[in-house]
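Engineer: Would you mind keeping the following structure in view while I ask a few things?
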Amino acid sequence: MQWLDRWGYITACLSFLFVGMLVFGYSWVAYAQTVQQDFLPATITLLNDLLLVIILLELFRTVLGFLHSDRIRLEPFLHVGVIASVRRILTAGAEFSHQPSVPEAVFRHYLMDMGLHVVVIFVLMLALFLLKKAEPEPDSALTR
């Protein structure tokens with residue numbers, strides 16, 4: 001059973017890497033095809049896709065680290081959360097930048113959504129700071 005469990009993690013890890021590479025390649029091909037017609041939406045879409053690739057690679061590194069140490073670390077998941085919130089902010093901003101008029105109720109919902117994501121980013125950054133602060137410092141005698 002442990003062997004199957006390990007292979008499950010290995011296949012998930014390789015899948016994150018493979019899907020990340022596919023999304024990366026597809027994003028650049030789609031960007032090259034659409035950048036001439038509409039530069040700003042194509043660039044924002046590329047940025048959104050590249051942030052997705054970073055999330056997938058961060059998950060790949062997390063699973064790979066687990067396979068090496070049999071220990072799951074919290075820090076990569078906090079990074080993924082920050083990247084996902086930034087990605088959402090960019091995507092929503094891009095959607096609104098191309099609309100000629102936005103109803104007030106929709107705009108208020110957008111502002112609340114963006115405010116929530118900003119709060120999530122601050123909370124995750126605070127968690128990262130506290131996590132780093134809580135880690136034991138390497139012994140200075142060992143580093144000499």
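Engineer: Of [x] 1.25; [y] 1.03; [z] 1.35, which is the value of Cα Rg over 2.2 N^0.38 Å derived from the coordinates here?
Structural biologist: Of the labelled values, this structure produces [z].
Engineer: Still on this structure, please answer the following. Viscosity 0.692 mPa s, temperature 37 °C: what is the translational diffusion coefficient of the range 74-134 from Stokes-Einstein with a Kirkwood Rh over Cα pairs, rounded to a whole number of µm²/s?
Structural biologist: Details: Rh = 12.8 Å.
Diffusion coefficient, whole number: 257 µm²/s.
Engineer: While we're looking at this one, here's another question. Which order do the peptides 45-53, 95-103, 24-32 come out in when sorted by mean C-beta neighbours inside 10 angstrom, highest first?
Structural biologist: Numbers: 45-53: 17.0, 95-103: 9.8, 24-32: 13.6.
Answer by packing, highest mean first, reads 45-53, 24-32, 95-103.
Engineer: Output the 0 to 90 degree angle, nearest 10, between the alpha-carbon long axis of helix 75-97 and the longest principal axis computed from the alpha carbons of the chain.
Structural biologist: 0 degrees
Engineer: State, as an integer percentage, the relative contact order of the chain based on alpha-carbon contacts under 8 Å between residues 6 or more apart.
Structural biologist: Numbers: 98 pairs, mean separation 33.0, N = 144.
Reported as a whole number, the value is 23 percent.
Engineer: Further question: Taking Cα centroids, how far is the range 86-123 from the range 45-78 in Å?
Structural biologist: 25 Å
Engineer: How large is the helix-only mean residue ellipticity at 222 nm for the chain, computed as the sum of -39500 (n - 2.57) over DSSP H runs with n ≥ 4, divided by its residue count, in deg cm²/dmol to the nearest 500?
Structural biologist: So the helix-based figure for the chain works out to -30000 deg cm²/dmol.
Engineer: If R₀ is 22 angstrom, what is the calculated FRET efficiency for the pair VAL23 and GLU104, using the beta carbon separation as r and rounding to 0.05? Intermediate results must be reported in sequence, preceding the final value.
Structural biologist: Numbers: r = 36 Å, r/R0 = 1.63.
After rounding, the FRET efficiency stands at 0.05.
Bear in mind that the values in this text are calculations on the coordinates, not laboratory data. Everything quoted here is computed from the prediction, not taken from an experiment. Heads up, the Cβs are rebuilt from the backbone with ideal geometry, glycines too, and the neighbour counts pull from every protein chain shown.
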